[in-house]
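Worksheet: one structure, shown below.
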Amino acid sequence: MRELTFGYSPCPNDTFAFHALAHGLVDAPFRVRPVLLDIEELNRRAHEGAFDLTKLSVGAFAAVGDRYRLLRSGAALGEGVGPLVVARTPMSLAGLAGGRIAIPGRETTAYRLLRLASPTLGEVVAMRYDRILRAVAAGEVDAGLIIHESRFTYQDHALVRVVDLGDWWEAETGLPVPLAGICARASLDDATVAAAERAIRASVQHAFDHPDASRDYVQAHAQEMAPEVQRRHIALYVNRYSLDVGDAGMRAIARLVEADVAG
């Protein structure tokens, strides 16, 4: 049987959604070899077409559009799911122009949203997403752009919210926040791409139908994340758009990809 490489993140939403496909629990005319990497590393590897199937930030789509095409299943979109900017003390979004802000990568959707919401930024410091809260709390940077489970834990670091970029996007556009999608290498034949889309949709549906089946797999990759944070993370990011992005989701993705961003 043919093998396809599948790059996705070790975050609970991905390990929950793709557990069934990775473990051969859904029908597919191929088997997958999972490669679990941080989202910004997946974005970088897409420039070389590293994986047959890969999760990518919507913010990275424009740069790799010749190498990959978007699938309608497996995406991370929704309402109330956007990245946050946090700081040690209250400040305005305009105040970011005068300080240093940590970001989880220059090709992330979070950074693209931030550049749209605040075209004038100060010094930007890229670092792995799970280091940002500690960097802000320690005073290494003035503010941090946070994603994933950090939205549930930033208050544990005595930090305050500056802006919810998801709220900003939804107010500006009336569309769901398009965070990431699953893409297939453009060189794959149409039949394989269609089969991959079906298999990923089936994997997400299996996760909804059997929510405890992936518990050990999720926990094995969640590192120090508390079980309650894992559950909240999954509930937020795996939703109806993960089965099919829908017309509203496609409009949201197109709008963000085509947006004119500063810098």
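The values are calculated or read from the model by the stated rules, or taken from the named source; none is laboratory data. Bear in mind the structure is a predicted one, so any value in this text is a computation, not a measurement. Because the Cβ atoms are built from the backbone with ideal geometry, glycine has one as well, and the counts that use them run over all protein chains shown. When the accessible area is computed, the model is the full protein with side chains, heavy atoms only, and any ligands, DNA or RNA have been set aside. Shrake-Rupley method; radii C 1.70, N 1.55, O 1.52, S 1.80 Å.
Dimensions of the range 45-122 along the principal axes, based on C-alpha atoms and rounded to the nearest Å, stand at 44, 27, 18, largest first.
Around ALA171, with a cut-off of 15 angstrom between Cβ atoms, what is the net charge of the other residues, counting Lys and Arg +1 and Asp and Glu -1? Provide the component values of the computation, followed by the final result.
Numbers: positive: ARG255; negative: GLU79, ASP164, ASP167, GLU170, GLU172.
The answer is -4.
Net charge of the neighbourhood of LEU84, taken over other residues with C-beta under 10 Å away and scored Lys/Arg +1, Asp/Glu -1, is 0. Segment GLN155..ARG33, full-extension length gain: 40.2 nm, with 0.36 nm per residue of separation and the alpha-carbon distance subtracted.
Is the shape of the range 148-236 best called rounded, prolate or oblate, per the rule: a/c under 1.5 gives rounded, else a/b larger than b/c gives prolate, else oblate, with a ≥ b ≥ c the square roots of the Cα gyration tensor eigenvalues? Because a/c hits 1.5 or more and a/b fails to exceed b/c, the range 148-236 counts as oblate.
Rounded to the nearest 5, what is the percent of antiparallel bridges among the DSSP beta bridges in the chain? Present the calculation step by step, with values, prior to reporting the outcome.
On the way: 19 of 34 bridges.
Here the share of antiparallel DSSP bridges comes out near 55 percent.
May I ask you to compute the full-extension gain from THR89 to THR173, defined as 0.36 nm times their residue separation minus their alpha-carbon distance, rounded to one decimal in nm?
27.3 nm
Between LEU25 and ASP66, full extension at 0.36 nm per residue minus the direct alpha carbon distance yields a gain of 11.6 nm.
At a 1.4 Å probe radius, carbon and sulfur cover how many percent of the accessible area of the chain? Before the final figure, lay out each step's value.
On the way: 5300 of 11080 Å².
With neighbouring chains kept in place, the figure for the chain is 48 percent.
Sorted largest first by accessible area at a 1.4 angstrom probe radius, with every protein chain in place, the residues MET1, MET250 fall in the order MET1, MET250. Where only DSSP H runs of four or more residues are counted, the chain gives -11500 deg cm²/dmol as its mean residue ellipticity at 222 nm, each run worth -39500 (n - 2.57). Computed across the range 46-89, the Kirkwood radius stands at 12.8 Å (inverse of mean 1/r, all Cα pairs). With the alpha-carbon atoms of the range 111-263 aligned to their principal axes, the span from lowest to highest coordinate is 50, 40, 30 Å, starting with the largest. As a ratio to 2.2 N^0.38 Å, the alpha-carbon radius of gyration computed for the range 25-160 takes the value 1.17.
Taking the range 133-177, which GluC sites (Glu not before Pro) meet the DSSP loop condition and have no more than 15 other C-beta atoms within 10 Å? Walk me through the numbers before you get to the answer.
Numbers: sites: GLU140, GLU149, GLU170, GLU172; in loops: GLU140, GLU149.
Sparse-neighbourhood loop GluC sites (Glu not before Pro): GLU140.
Based on protein heavy atoms only, the chain ends up with 42 Å² per residue of surface accessible to a 1.4 Å probe. A simple count of charges around SER214, restricted to other residues whose Cβ falls under 13 Å of its Cβ and scoring Lys, Arg +1 and Asp, Glu -1, yields -2.
Size descriptors for the chain (Cα atoms only): Rg and Dmax, in that order, 17.8, 56 Å.
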